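Below: one structure, written as structure tokens.
The values are calculated or read from the model by the stated rules, or taken from the named source; none is laboratory data. None of these values were measured; they are calculated from a predicted model. Note that we place each Cβ from the backbone using ideal geometry, even for glycine, and neighbour counts take in every protein chain shown.
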Amino acid sequence: MLDPQRLRRDIEDTARLLARRGVRLDLKLFGDLERRRKQFQVRAQGLRRRRNELSDRIGRMKQQGEQPGPLLEQVSRLGRELQSAEEDLREVRAKLEELLGELPNLPDADVPDGSGEQQNQQVRNWGRPVERDFPMRDHVRLGEDLGLLDLEAGARLSGSRFSVLRGELAALHRALIQFMLDMHTREHDYEELSVPHMVHAECLYGTGQLPKFESDLFRIQDFDLYLVPTAEVPVTNLVRERILEAEELPLRFACWTPCYRSEAGSYGKDTRGLLRQHQFEKVELVQIVAPADSERALEELTGHAEQVLQRLELPYRVVNLCAGDLGFAAAKTYDLEAWLPGQQRYREVSSCSNCRDFQARRMQARWRDPRTGKVQPLHTLNGSGVAAGRALIALLENHQQADGRIRIPEPLHPYLGGLEWLGRPEQRLRKGTKPR
């Protein structure tokens with residue numbers, strides 16, 4: 001949530017920054033609500049002060065044996081007027097809260113202008129797009145030819161955008177998750193978490209999925225819970241309605257969960273294979289930091305995700321998302337896009353975002369500044385470290401061989417009992433074995 005004081009103080013500048021994101025702030029509506037809020041607040045304060053003065057006077061009269069008589073009726077009348085003024089104030093505050101709740105975060109100054117992915121700016125790249133002297137296949141063809149990817153079974157079980165991974169491909173997917181968790185916890189100093197996969201609406205409001213994106217969520221009606229669209233939701237909400245001391249910061253969490261998304265706004269997009277599924281898995285990284293540290297933390301978190309791709313030998317690029325392509329809660333986002341030979345293009349495998357105090361205000365997540373003693377909102381960051389299904393796609397396509405086998409990068413060998421290749425049964429090799 002945006003800082004209400006900023007809107008009151010710099011409404012024109014706030015409107016300008018929102019316009020960079022393609023969002024129009026209704027200045028007349030906000031101005032009218034603010035005027036009424038001030039009016040009802042001043043009235044309520046005046047009535048409360050007058051009622052308290054009369055109550056004190058009545059108390060003194062009773063101590064002196066005097067009959068307050070008419071003053072009691074005045075206090076009763078003031079009480080009724082105060083109740084009405086407070087109800088008016090609550091109503092206008094609720095409308096302001098609703099308005100603020102639908103406004104996205106403001107973009108950082110170094111976020112490029114633009115309305116979509118075409119205006120995103122490349123920051124750096126690592127590795128070169130893979131070239132082979134044979135026609136390169138996409139992950140669907142590769143997986144089906146090996147008998148390890150069964151999209152038809154997923155559709156029979158659950159409908160479109162579900163899949164079944166079999167044998168060594170299922171094991172490789174699991175190995176990717178374990179490899180990422182081990183790297184982030186052992187080398188990057190994240191604390192591993194296991195969290196609920198269902199959350200209350202308040203948690204989704206806190207991280208910015210509600211109310212705007214309810215159509216993208218799966219809701220469990222009988223329990224009034226939602227399946228998590230990302231581990232960011234339960235993990236970030238661990239600091240909801242808390243005040244942290246400076247010595248508790250930073251908090252760094254790594255968490256694997258399945259993720260569930262209806263993909264309501266993506267009809268007809270990426271329907272082939274594993275790229276855009278209703279159910280997928282990823283390792284999420286979350287950092288909770290003091291405001292002065294969040295810019296540095298974004299660079300650090302992004303670097304941690306990059307190391308996953310580097311060790312898997314996957315060419316990628318880092319792009320700074322333009323204002324119109326930012327997620328709702330993000331002030332700045334780096335996307336990591338891996339090269340997919342099957343599509344001959346880069347595709348996102350991780351988004352790393354600095355949300356600054358936007359989520360913290362919605363969650364009432366705060367810290368105490370030891371220099372001033374003041375309590376103020378924390379800064380929150382999150383990023384995929386990385387999406388397992390999309391990393392699997394990139395691995396299959398970038399490490400494919402002419403005979404259909406898939407080379408498994410060395411860091412994954414210990415998680416697969418020494419398996420070095422995915423292939424048909426006669427092609428699968430483990431360390432220390434020779435091909436027949």
Looking at (1) in contact (Cβ under 8 Å) with a residue 12 or more places away in the chain; (2) surrounded by fewer than 20 Cβ atoms within 10 Å (Cβ to Cβ); (3) farther than 25 Å from residue 369 by Cα; (4) of a type outside the set (Lys, Arg), which is the one condition that is false for residue 303?
(1)
Does the range 352-368 hold any residues that are surrounded by fewer than 23 Cβ atoms within 10 Å (Cβ to Cβ) and in contact with a strand residue (DSSP E or B) (Cβ under 6 Å, 6 or more places away or on another chain), and which are they?
357, 361, 366, 368
Does residue 94 satisfy being more than 30 Å from residue 115 (Cα to Cα), under 34 Å from the mean Cα position of the chain (by Cα), part of a helix (DSSP H, G or I) and of a type outside the set (D, E, K, R)?
yes
How many residues of the range 115-156 are part of a helix (DSSP H, G or I), touching a strand residue (DSSP E or B) at 6+ places or on another chain (Cβ under 7 Å) and without any contact (Cβ under 8 Å) to a residue 40 or more places away in the chain? The answer is 2
Residues of the range 309-325 being surrounded by fewer than 20 Cβ atoms within 10 Å (Cβ to Cβ) and under 27 Å from residue 414 (Cα atoms), in sequence order, are 310, 311, 313
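Could you please let me know if residue 23 is surrounded by 12 or more Cβ atoms within 10 Å (Cβ to Cβ), at negative phi and either in a loop (DSSP other than H, G, I, E, B) or of a type in the set (S, T, N, Q) (or both)?
Values: surrounded by 12 or more Cβ atoms within 10 Å (Cβ to Cβ): yes; at negative phi: yes; either in a loop (DSSP other than H, G, I, E, B) or of a type in the set (S, T, N, Q) (or both): yes.
Criteria met by residue 23.
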Taking residue 231 and the conditions (1) farther than 22 Å from residue 364 by Cα; (2) touching a Ser or Thr at 6+ places or on another chain (Cβ under 6 Å); (3) surrounded by 17 or more Cβ atoms within 10 Å (Cβ to Cβ), which numbered condition does it fall short on, given that it satisfies the others?
(1)
Answer residue from the range 149-181, given it is under 21 Å from residue 263 (Cα atoms) and polar (S, T, N, Q) and is surrounded by the fewest Cβ atoms within 10 Å (Cβ to Cβ) among those:
160
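Residues are listed down the side, and each one gets a yes or a no for (1) over 17 Å from the mean Cα position of the chain (by Cα); (2) surrounded by fewer than 24 Cβ atoms within 10 Å (Cβ to Cβ); (3) outside the structural domain of residue 179 (by TED's automatic domain parsing); (4) in a helix (DSSP H, G or I):
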| position | (1), (2), (3), (4) |
| --- | --- |
| 284 | no, no, no, no |
| 292 | yes, yes, no, yes |
| 297 | no, yes, no, yes |
| 307 | yes, yes, no, yes |
| 338 | yes, no, no, no |
Over the range 102-134, the set of residues among the β-branched types (Val, Ile, Thr), surrounded by 14 or more Cβ atoms within 10 Å (Cβ to Cβ) and within 20 Å of residue 356 (Cβ to Cβ) is 111
Do we find a residue being touching a Pro at 6+ places or on another chain (Cβ under 6 Å), in the same structural domain as residue 206 (by TED's automatic domain parsing) and part of a helix (DSSP H, G or I) anywhere in the range 411-419?
no
Residue 46 being of a type in the set (Gly, Ala, Ser) and either outside any helix (DSSP H, G or I) or surrounded by 14 or more Cβ atoms within 10 Å (Cβ to Cβ) (or both):
yes
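Count, please, the residues in the range 369-394 that happen to be of a type in the set (Lys, Arg) and touching a strand residue (DSSP E or B) at 6+ places or on another chain (Cβ under 8 Å).
Taking the range 369-394 first, the residues of a type in the set (Lys, Arg) are 371, 374, 390.
After this cut, where a residue has to be touching a strand residue (DSSP E or B) at 6+ places or on another chain (Cβ under 8 Å) as well, the list is 374, 390.
So the answer is 2.
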Being free of Cβ contacts under 8 Å to residues at least 24 places away in the same chain, surrounded by 12 or more Cβ atoms within 10 Å (Cβ to Cβ) and assigned to a helix (DSSP H, G or I): is that true of residue 39 here?
yes
Are any of the residues in the range 140-148 surrounded by 15 or more Cβ atoms within 10 Å (Cβ to Cβ) and charged (D, E, K, R)?
yes
So, in the range 326-336, exactly how many residues are surrounded by 22 or more Cβ atoms within 10 Å (Cβ to Cβ) and touching a Gly at 6+ places or on another chain (Cβ under 7 Å)?
2
Among the numbered criteria (1) within 31 Å of the chain's Cα centre (by Cα); (2) without any contact (Cβ under 8 Å) to a residue 12 or more places away in the chain, which single criterion is violated by residue 27?
(2)
